[in-house]
Amino acid sequence: MNKINRLSVTENALKVIEALNEQFGDLMFYQAGGCCEGTQPQCFEKGAFFPRTGDVCIGQIKGFDFWLDKDLFEYWKHAHFTLDVMDGIGAGGFSLETPLGKTFIIQYRTFTVKELSNLESVRLYSYD
């Protein structure tokens, strides 16, 4: 039986990611548990942001890691994340899509009991 992934992406978000990839090269995503950007996912050039020890990679989009703050993962570990995009500029505007007048957002769905028993594993960040 195939493992259930924790992350997917909409076609609209993929179009923005492809444009950002063309402009900036390899990317990465990080979603924090609050502060400046609330819980909006942020897109950075790969290596421009460093997750903290224990932060969790829940999957990849087009080969680019999607990291979650370890505390946010603990809160949302029972949910599937779908990366989407909307028109507008998110709070703070640190993410690469901001100059395009776009903001990445997440749609959440709670896993079923059956899905929970068959989830893909996650990767923890370590400085080692």
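The values are calculated or read from the model by the stated rules, or taken from the named source; none is laboratory data. Since the structure is predicted, the reported quantities are computational estimates derived from the model, not experimental observations. Every residue, glycine among them, receives a Cβ derived from its backbone with ideal geometry; neighbour counts consider all protein chains shown. Ligands, DNA and RNA are stripped out before the accessible areas are found, and what is left, the full protein with its side chains, is counted by its heavy atoms. Shrake-Rupley method; radii C 1.70, N 1.55, O 1.52, S 1.80 Å.
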Student exercise, segment 1-60 dipole from Lys, Arg, Asp, Glu Cβ charges, in Debye to nearest 20 | 280 debye
The chain - share of DSSP beta bridges that are antiparallel (%, nearest 5) | 75 percent
Got the relative contact order for segment 9-128 handy, in percent, Cα pairs under 8 Å and 6 or more residues apart?
-> 29 percent
Using a 1.4 angstrom probe, figure out how much accessible area the chain has per residue, in square angstrom, rounded to the nearest whole.
-> 56 Å²
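Express the carbon and sulfur contribution to the solvent-accessible surface of the chain as a percent, rounded to the nearest whole number, probe 1.4 angstrom.
Result for the chain: 53 percent of the exposed heavy-atom area is carbon or sulfur.
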What does the helix-only formula give at 222 nm for the chain: each DSSP H stretch with n ≥ 4 adding -39500 (n - 2.57), the total divided by the residues, and the result rounded to the nearest 500 deg cm²/dmol?
-> -5500 deg cm²/dmol
Dipole check, the chain, charges on Cβ (K,R +1; D,E -1), about Cα centroid: among Phe24, His78, Phe104 the Cα furthest to the positive pole belongs to His78
Potential extension, Val122-Asn21 segment - 0.36 nm per residue separation minus Cα distance = 34.0 nm
For segment 8-128, with only Lys/Arg (+1) and Asp/Glu (-1) charged at the beta-carbon, what is the dipole magnitude about the Cα centre, in debye rounded to 20?
-> 240 debye
By how many nm would the segment from Met86 to Phe49 grow when fully extended, if each residue of separation counts as 0.36 nm and the alpha-carbon distance is taken off?
-> 11.0 nm
Straight distance only, please: which lysines reach the Cα of Lys15 with their own Cα at less than 25 Å, same-chain residues fewer than 8 apart left out?
-> Lys46, Lys62, Lys102
Angle in degrees between helix 11-24 and the longest Cα principal axis of the chain, rounded to the nearest 10 = 60 degrees
